[in-house]
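Notes to accompany the following structure.
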Amino acid sequence: FAFEDCTGLTSVVIGNSVTSIGYYAFDGCTGLTSITIPNSVTSIEDYAFDGCPGLITVYMIGENPPIVGSNSFPKKLFLSATVYVPQGSLEAYQNADVWRNFWDIQEYDAKF
């Protein structure tokens, strides 16, 4: 519940020291449209992004997909959000549990 109902959040860049995004961490952040998740994050717990209907862009820095709870993202985000993953890791995300449910996963060639 770290940022629960912080409706003013529009974009978040998670710090490199974070290893897990906890249960309901961004629940109710209705203004959130973009999040950047570093390679240090190895897990995203259930309902971490519940109540984030405007989340349309997820930037993943890590080549290895974090373990994600089956309810970490609202199901409608699978259709509306774009997940950007590092060049060369598209197949890993397309084959990973939960990540494979996103319809739009794209590789990027950028350094963060």
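The values are calculated or read from the model by the stated rules, or taken from the named source; none is laboratory data. None of the values given here were measured: they were computed from a predicted structure. Reconstructed Cβ throughout: ideal geometry from the backbone, glycine too, with neighbour counts over all protein chains shown. Areas reflect the complete protein model, heavy atoms only, side chains present, ligands, DNA and RNA absent. Shrake-Rupley method; radii C 1.70, N 1.55, O 1.52, S 1.80 Å.
Are there strands (runs of 3 or more DSSP E) fully within the range 9-97 with at least 3 residues that are under 18 Å from Tyr108 (Cα atoms)? List them.
34-37, 57-60, 82-86
Identify, from the list Val83, Val13, the residue that is buried (at least 19 other Cβ atoms within 10 Å of the Cβ), at pLDDT 95 or above and hydrophobic (A, V, I, L, M, F, W, C).
Just a single option satisfies the conditions, and that option is Val83.
So in the range 98-112, with the set limited to residues that are under 25 Å from Tyr47 (Cβ atoms) and outside any loop (DSSP other than H, G, I, E, B), which one is most open to solvent (accessible area, probe 1.4 Å)?
The selected residue is Arg100.
Can you go through Pro38, Pro65, Pro74 and tell me which one is touching a helix residue (DSSP H, G or I) at 6+ places or on another chain (Cβ under 7 Å) and either in contact (Cβ under 8 Å) with a residue 60 or more places away in the chain or surrounded by 16 or more Cβ atoms within 10 Å (Cβ to Cβ) (or both)?
Residue meeting the stated conditions: Pro65.
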